[in-house]
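The block underneath contains the structure these notes are about, expressed in structure tokens.
The values are calculated or read from the model by the stated rules, or taken from the named source; none is laboratory data. This structure is a prediction, so every number in the text was calculated from the model and none was measured. In this analysis, Cβ positions are derived from the backbone assuming ideal geometry, glycine residues included, and neighbour counts consider all displayed protein chains. Just the protein is used for accessible areas: all its heavy atoms, side chains included, with ligands, DNA and RNA removed. Shrake-Rupley method; radii C 1.70, N 1.55, O 1.52, S 1.80 Å.
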Amino acid sequence: MIAAIVFAITIVLPNLALMGLGFFMKRRGEANQAFIDQASNFVFNYCLPCLLFFSVVDSDVDYAKQVLLIAAGIIVTFILYIGSELYASRFISDPANQGVFVQGVFRSNMAIIGLATVANAYGEIGLSIGAVYMGIVTILFNILAVITLSRVSKSANDTWINRIVLIVKKLATNPLMIALVAAFTYKALSLPPVTGVFRITGDLLAAVALPLALICAGASLDLKSMLSPSGISMQASIGRIIIAPLIAIAVGLGFGLTGIHMGVLFLMAAAPTAAASYVMAKAMGGNDILAANILGFTTVVGMFGMAIGAAILRAMGLI
């Protein structure tokens, strides 16, 4: 059990330390909102795509064996989405809160905290598997997020055709999606390894991705929002921190997943609410204050939930 606890601390503590550094920098005035916005855009548009591209290109992972993992991830997402929709329709009356609640439950922060934790746990192989998982499940996240948040739109132009166009446009212009498609194409064509200046530059950018993203996440934390959650935000947080990991474990066991695949499924599903949930809620007319509360609370508390869950699963020999 001690080894399992050490494992859990090892994969979560570095992330918390970097987030703590970001929070400390914000309090000292060394990371203002302009820095956070610019650094986050830099990570999203350049660093993370390089990390995903080279993780896939360099990997010898048999992606055909990931079919069960990806299928499990899709089922977990649908269970959380449908369950939270049913709950919201019965217990939450305001449409502006319903979509934000649903998104806060089913949409996890896979691209930053999920990937960083998987990388800490399993190294390059875990990063490659996590990158593919994230790429496919993110498509589903975006589709479901647009559907659930569109209930508050009052625009005459808000038709299902326009929503589909919006989803396709978001996916086609998403740098992470472009990087993954490029990586799979590169491997499929059996092209020689990337070397020289391009490789060195790409490696440098990839090395910056997760540390800088975690620092920005920490600098973005709002203690007032985190420590003053509303009833709805607390309900959504319970769904993300407790219900989502339990469902992931149940589905993973049902699919017979063990080892690294079970670990990736759990860590990706147990990650806090995605930072993009706040941006999308604000853009589509949802309750952005509620979204911020859910994001802040789950970002900190969820990390401890990931550590506890990882320790238990490790002790049981499942990850």
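So which residues in region 169-180 are exposed (fewer than 15 other Cβ atoms within 10 Å of the Cβ) and either aliphatic (A, V, I, L, M) or closer than 14 Å to VAL57 by Cα (or both), if there are any at all? Within region 169-180, just ALA172 meets the criteria.
The condition of being within 19 Å of GLY256 (Cβ to Cβ) and open to solvent by less than 20 Å² (accessible area, probe 1.4 Å) holds for only one of ALA116, ALA72, that being ALA72.
The rows are residues; the columns are (1) open to solvent by less than 40 Å² (accessible area, probe 1.4 Å); (2) modelled with pLDDT under 90; (3) not β-branched (Val, Ile, Thr).
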{"residue": "THR195", "(1), (2), (3)": "no, yes, no"}
{"residue": "LYS224", "(1), (2), (3)": "no, yes, yes"}
{"residue": "PRO229", "(1), (2), (3)": "no, yes, yes"}
{"residue": "ALA244", "(1), (2), (3)": "yes, no, yes"}
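Within region 21-49, the set of residues being under 20 Å from THR173 (Cα atoms) and open to solvent by 30 Å² or more (accessible area, probe 1.4 Å) comprises ASP37, GLN38, SER40, ASN41, PHE42, PHE44, ASN45, TYR46. Of the residues contained in region 5-17, none is found to be farther than 24 Å from PRO211 by Cα, of a type outside the set (Asp, Glu) and either open to solvent by less than 40 Å² (accessible area, probe 1.4 Å) or without any contact (Cβ under 8 Å) to a residue 40 or more places away in the chain (or both).
Of the residues making up region 123-136, just one is surrounded by fewer than 21 Cβ atoms within 10 Å (Cβ to Cβ) and in contact with a helix residue (DSSP H, G or I) (Cβ under 6 Å, 6 or more places away or on another chain), namely ILE136.
The residues on offer are LEU68, LEU52, LEU86, and the sole one that is within 19 Å of the chain's Cα centre (by Cα), within 30 Å of PHE255 (Cα to Cα) and of a type outside the set (D, E, K, R) is LEU52. Entry remark, region 51-60: residues being open to solvent by 30 Å² or more (accessible area, probe 1.4 Å) and in contact (Cβ under 8 Å) with a residue 24 or more places away in the chain number 2 in total. Looking only at region 78-109, residues that are crowded, with 24+ Cβ neighbours inside 10 Å, touching a residue at least 24 places away in the same chain (Cβ under 8 Å) and in a helix (DSSP H, G or I) come to 10 in all. Just one of the numbered conditions (1) of a type in the set (A, V, I, L, M, F, W, C); (2) more than 15 Å from the chain's Cα centre (by Cα); (3) modelled with pLDDT of 90 or more; (4) buried (at least 19 other Cβ atoms within 10 Å of the Cβ) is not true of MET316: (4).
ASN162 falls short of the stated requirement of being within 30 Å of ALA3 (Cα to Cα) and either touching a residue at least 40 places away in the same chain (Cβ under 8 Å) or open to solvent by 10 Å² or more (accessible area, probe 1.4 Å) (or both). Taken over region 114-131, residues that are within 16 Å of SER59 (Cβ to Cβ), under 13 Å from the mean Cα position of the chain (by Cα) and among the aliphatic types (A, V, I, L, M) amount to 3. Going residue by residue through region 37-54, is there one that turns out to be in a helix (DSSP H, G or I) and more than 30 Å from ALA182 (Cα to Cα)? Looking for residues that are in a helix (DSSP H, G or I) and more than 30 Å from ALA182 (Cα to Cα), one finds none in region 37-54, hence no. Residues in region 271-285 that are more than 15 Å from the chain's Cα centre (by Cα) and either open to solvent by 10 Å² or more (accessible area, probe 1.4 Å) or without any contact (Cβ under 8 Å) to a residue 60 or more places away in the chain (or both): LYS282, ALA283, MET284, GLY285.
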